[in-house]
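Remarks on the structure that follows.
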Amino acid sequence: MWVRALGIAACLTLCGSAAIAQGEPQRLLRFPDIHGKQVVFSYAGDLWIASTDGGAARQLTSGPGLELFAKFSPDGKWIAFTGQYGGDEQVYLIPAAGGAPRQLTFYPARGPLGTRSGYDNQVTGWKPDGSAVLFRSFQDVSLNTESKLYTVTVDDSQVQPLPMARAGNGVYSPDGKRLLFSPLFRDFRTWKRYQGGWAPDLYIADPSAQKLTRITGTPRTERDPMWTEAGIQYLSDQDGHMNLYLTDEQGGAPRKLTDFKQDGAEFASADAKGNVVLQYNAGLMLYDISTGKVRPLDITVPTQDLNRLPRLVKGSKNIEGGALSPDGQHVLVVARGDVFVMQGNRLGAVVNLTHSPSAHDREAAWSPDGRTIAYISDASGDEELWVVPASGGAARQVTKSGGNRYYRPSWSPDGKRLAVLDREGTLFSVDVASGERRKVGSTGAWYIRQYEWSPDSRYIAYAELQPNDMRMVRIWDSRDGANRPVTDPSYDSGEPVWSPDRRYLAFLSVRDVNLLISETEWNFAAARQTRPYLLALQKDAPNPFPAGVPVGRGGEEPVSKADKPLSVEFDGLEERVIPVPVDKDNYRDLSFGPGFSLMFRISDAPRFEADGPQTSTLFLLPFGATKPNRVTGDLVGYDVDRKRQTILLFQGRDDLRVAGFGPAGLAGDAQRLDLERIVMRVDPPQEWAAIFNEAWRLYRDYFYDPGMHGHDWQAARERYRALLPALGNRADLNYLISHMIGDLNVSHAFVDGGDDGLPPRPDIGLLGARFALDKATGLWRITRIFAGDRADPLYRSPLNSVGNEARVGEYLLSIDGVPLNATTNPYQALMGKANQVVEVGLGPSATVERRLLVKTLRTETLLIRHEQRLAAQRLVDEMSGGRIGYVHITDMTGAGLSEFVKEWYGQLRKDGVIIDIRGNTGGNVSRMILERLLRPAFTRGFVRGLQHPQTYPWGGYTQVFTGEMAMLINENTMSDGDTMAWTFKQTQRGRLIGKRTWGGVVGTGDLGPLLDGGHIAVPQYALAGPKGEWIIEGEGVTPDIEVDFDQPALRGEPDAQLVAAIRDLQSRIKGTPGNLGTPQPYPIKP
């Protein structure tokens, strides 16, 4: 895709020499198509048309969103494309000569999708007679890793699915009777030289003969199918780079037409004769079928480049953090890469202290005197520690270490030093004046950022992660460099904080566990098991929470402040631990509050699939008290001033509030900061360059292999950075970064989001049904209603609830009083009505006979998944006579785990069970599921008065499955799905059936947002086998029994892979292994 060895001048010469000669900058031209002497393409999300002879392009569209995937009609008079005029992706039509676009499709597009998933409703071609547009859509699939092909008629917008069960990109044969396509879809994945199970091959589908013919079969990717008078053309990276190939209808003797050696092409498209235009580097190339040569198209784009012009943006959309000034009068806010200061009482100015459009400033902290702010910035080109006067002025770079990434600067109380953590989890003390770094120790992980200076600036207490995955608190002495553990390493301990009088170190620890009993099986879960503790730092320090009446003056400071600095007496310190007299709970954010008190947040127990950040309640516990006082709730964090008289409350990422504070709690209502006042001027090209550099550094710093898979990562940076001037919008930047990280040939290398400037989604309500226009009446007939599950709100079907049943065959006549007819699509009437109650008018004719009030859905994905599951369960029951169970697991997150728990326990006494992880998109719960699948049944239990035998222990959902097992996998069984398949295969508990899996097990963590809120996933967590050997990655897991899915499905046969699993189990089930039987004769004892 991108030039490797050539310099930028050579690259631009190759891609557009005429443009350079005329002084025009090179543009990133994407998704081209060709018809005769014309090419159409996208630049900066708009469509342009130009001559194949080069020259200036003419703009066709200028919508508020993106216009992509343009395809000429067979006669060249029309262009179909995917557009976002209404906020989501729909198929549109526009005259090639220019004019107003006309919308053809209306079912709400899925999205916004990650860069790697592409776009919904992607136009791929036309029917040869020009009557309909061919497009790829997610509308009838439950996952974003599969799609189907559809046609939509030009004259009346009727959508018809093609008969292939799944399909990515595809085109019609010249006679319109067959289709060239791939069943798999990964065109937007930039994992280069990939050869796992998801590598697509190309097929010819003959719907009349219900036959598929595979015409390619290399280990790598074949994509962008084209069927022309010259034969079948496509792109393949079988030689390491995407090149153009030509073959016949049998796939025989493919011939390589191009020889790109630096990198490859993509998004190729052909005209009827076989001339091919393709995207290469930042420009377009044309393969001339008559000469067999490829040349660059020297096209200039006379654009205003509005997306590249400076503009004002609201910082409130990208709040990264905040902190209260030591005097409690001001708040610093980090927003979109700049550091701002504003008054806490909503008055005064909002001052941008760093105003750095080309840098990402983050993690800011006030100095103890409030005069200086420390922060992390990449303004120098790398992550360093900086300081800036709080009143405004020039910033100063403190560290000059280079090649590192820092976190959480923390000032010493004397203002002379900063504690800071680096990317490896090494903790440093940095001299603010000189920038000299002094190693303190290691927290053991880059994400363990729990450290605090002592009030006299001598010590740092911090938490260190141990090999047993528990934290231990240590204290570092800046005078002699001694570093000592102060808590028992057998227990998890962290979040150390010093008391203002230097007598105590408070911390959180799990010492007396709190076990819950599961309601689904005889097992435990630990929750609400943390307590606060104190360490008495001097041997004579009293217990501030003694039994009975507190010693000293009640309600006041229990010990006098020291007149001189107190040293930590380490001898016996670990034994001078004082439990704080509160119940075990989920404590976090421990600190000391006003009037000698402890402050902490208590959150609910963590749960799967929680919406948004976990909120909590803030409490204050005075010394000597045994019951904490509630301060306020619904928090995600807090900060207090130096005197502990003002508090900053974080009630959401963009909801910061300030209140007075004292021993009794809040002094009045908290005032919400007007974050809308944070406005900044951004220069997109500068910001894109900063984001690009940040993405490159995050891979340098956190990619699991420090050797970068043998690639010269510095050279990669220079090569791709040279193409930044070609970008037309934010989406282009994600595309560029995707290809850079794609060079590493690794899974989970993704970049998404950012300030794309796209219009809001239309939020269309859905009814859990399908409709078709009855041409005879001009009315919309209901053709299908999803059954859903009336007992489970997750799978509710709006038109199939008790008392609100619609019927297939009825007409949908109106929605909220808006009549539906040939000119008003139901989805137009449902715009803006997602998750709302609407009135639908129904009837057998044009007259409304009844009206239903139903609550719409925002997506039908779960209903589609449920329908697929029900169909599979019916097939298994029918073929096995009810002896075999079926469990489908969509992913390895909380959603998939919930599916498993809901379906697994009710089928334990089946003689066999099929675990279906086809399409499983991964997560991290496979181990939990496998532990339950693979439990051995060592014993039986027979209980007098209990009519059914058990496996020990008895009762409830404690039983172990004793039958035979099989697991279904396919090409898009991914990530933790890969892991589950591999592990299951090692156990030999049953057979894997289906197709080889994706092969991606180098996972990612959350490294925080990019400058404008975008997200980049860095493959950081690499999975290996028990001996440290690399497994699965780039290959996938091979099934024990390989079974094709697509050909039988085209013939209308039941799910062939599922049928194979049923037959496999039937062949292995001997007797009734699910029946625990009866005991041997009871003993006769003397």
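The values are calculated or read from the model by the stated rules, or taken from the named source; none is laboratory data. Since the model is a prediction, treat every value here as computed from it, not as a measurement. Cβ sites come from the backbone with ideal geometry, for glycine too, and all protein chains shown count toward neighbours.
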Let me confirm something: among Gly125, Gly111, Gly99, Gly63, which residue is surrounded by fewer than 23 Cβ atoms within 10 Å (Cβ to Cβ), outside the structural domain of Thr824 (by TED's automatic domain parsing) and in contact (Cβ under 8 Å) with a residue 40 or more places away in the chain? Gly111
Checking Arg653, Arg717 in turn, the sole residue that is within 30 Å of the chain's Cα centre (by Cα), under 29 Å from Glu424 (Cβ atoms), outside any helix (DSSP H, G or I) and not polar (S, T, N, Q) turns out to be Arg653
Just a yes or no: is a residue in segment 629-637 closer than 28 Å to Gly1008 by Cβ, within 30 Å of the chain's Cα centre (by Cα) and assigned to a loop (DSSP other than H, G, I, E, B)? yes
Please specify each residue of segment 1009-1047 satisfying the condition of being assigned to a loop (DSSP other than H, G, I, E, B) and of a type in the set (A, V, I, L, M, F, W, C). Leu1010, Leu1011, Val1018, Leu1023, Ile1031, Ile1032, Val1037, Val1043, Phe1045
Looking for whichever is in contact (Cβ under 8 Å) with a residue 24 or more places away in the chain and in contact with a helix residue (DSSP H, G or I) (Cβ under 8 Å, 6 or more places away or on another chain) here; the options are Gly923, Gly894. Which one fits? Gly923
Filter segment 577-591 for residues that are acidic (Asp, Glu) and assigned to a strand (DSSP E or B); which is surrounded by the most Cβ atoms within 10 Å (Cβ to Cβ)? Asp585
Matching residues in segment 131-178 - criterion: being assigned to a strand (DSSP E or B) and among the polar types (S, T, N, Q): Ser137, Thr151, Thr153, Gln160
Residue that is surrounded by the most Cβ atoms within 10 Å (Cβ to Cβ) [pool: residues in segment 322-377 that are among the basic types (Lys, Arg) and assigned to a loop (DSSP other than H, G, I, E, B)]: Arg336
May I ask you to say which residue of Ala199, Ala268 is outside the structural domain of Asn920 (by TED's automatic domain parsing), within 34 Å of the chain's Cα centre (by Cα), part of a strand (DSSP E or B) and of a type outside the set (Ser, Thr, Tyr)? Ala268
The residue that is surrounded by the fewest Cβ atoms within 10 Å (Cβ to Cβ), considering only those in segment 918-943 that are of a type in the set (A, V, I, L, M, F, W, C) and part of a loop (DSSP other than H, G, I, E, B), is Phe938
Identify the residue in segment 592-605 that is touching a residue at least 60 places away in the same chain (Cβ under 8 Å) and surrounded by fewer than 18 Cβ atoms within 10 Å (Cβ to Cβ) and, among all such residues, is nearest to the chain's Cα centre (by Cα). Ala605
Within the set of pairs 6 or more residues apart or between chains, which connect a residue that is among the basic types (Lys, Arg) inside segment 268-291 to a residue that is assigned to a strand (DSSP E or B) with Cβ atoms less than 8 Å apart? Lys273/Thr228
Looking at Leu535, is it assigned to a strand (DSSP E or B), at pLDDT 95 or above and touching a helix residue (DSSP H, G or I) at 6+ places or on another chain (Cβ under 9 Å)? yes
In the set Glu436, Glu452, the lone residue that is free of Cβ contacts under 8 Å to residues at least 24 places away in the same chain and either surrounded by fewer than 17 Cβ atoms within 10 Å (Cβ to Cβ) or farther than 18 Å from Gly1005 by Cα (or both) is Glu436
I'd like to know if segment 1007-1023 contains one or more residues that are over 30 Å from Thr115 (Cα atoms) and either buried (at least 18 other Cβ atoms within 10 Å of the Cβ) or free of Cβ contacts under 8 Å to residues at least 12 places away in the same chain (or both). no
Of everything in segment 449-500, what is in contact with a Phe, Trp or Tyr (Cβ under 8 Å, 6 or more places away or on another chain), among the charged types (D, E, K, R) and more than 14 Å from Leu573 (Cα to Cα)? Give them in sequence order. Arg449, Glu452, Asp477, Glu495
Would a scan of segment 478-498 turn up a residue that is hydroxyl-bearing (Ser, Thr, Tyr), surrounded by fewer than 24 Cβ atoms within 10 Å (Cβ to Cβ) and within 20 Å of Thr426 (Cβ to Cβ)? yes
Which pairs turn up if I take residues in segment 300-314 that are of a type in the set (Ser, Thr, Tyr) and look for partners that are surrounded by 16 or more Cβ atoms within 10 Å (Cβ to Cβ) with beta carbon separation below 7 Å, at least 6 apart in sequence or on another chain? Thr300/Ala19; Thr300/Glu24; Thr300/Ala57; Thr303/Tyr43; Thr303/Ala44
For Val818, are the conditions met, namely being in contact with a Lys or Arg (Cβ under 7 Å, 6 or more places away or on another chain) and not basic (Lys, Arg)? no
Among the residues of segment 814-835, write down those that are in contact with a Leu (Cβ under 9 Å, 6 or more places away or on another chain) and either polar (S, T, N, Q) or modelled with pLDDT under 95 (or both). Ser814, Asn821, Ala822, Asn825, Gln828, Asn835
Which of the residues that make up segment 859-886 are surrounded by 22 or more Cβ atoms within 10 Å (Cβ to Cβ) and more than 24 Å from the chain's Cα centre (by Cα)? Val876, Ile884, Gly885, Tyr886
Among the residues of segment 28-45, how many are among the small types (Gly, Ala, Ser) and either closer than 21 Å to Trp227 by Cβ or in a strand (DSSP E or B) (or both)? 2
Could you tell me whether segment 339-360 includes any residue that is touching a strand residue (DSSP E or B) at 6+ places or on another chain (Cβ under 8 Å), on the phi < 0 side of the Ramachandran plot and among the charged types (D, E, K, R)? no
Please verify whether Arg423 is surrounded by 16 or more Cβ atoms within 10 Å (Cβ to Cβ), charged (D, E, K, R) and over 32 Å from the mean Cα position of the chain (by Cα), treating the condition exactly as stated. no
Scan segment 82-130 for residues that are hydroxyl-bearing (Ser, Thr, Tyr), in a loop (DSSP other than H, G, I, E, B) and over 18 Å from Ala829 (Cα atoms) and jot them down. Tyr119
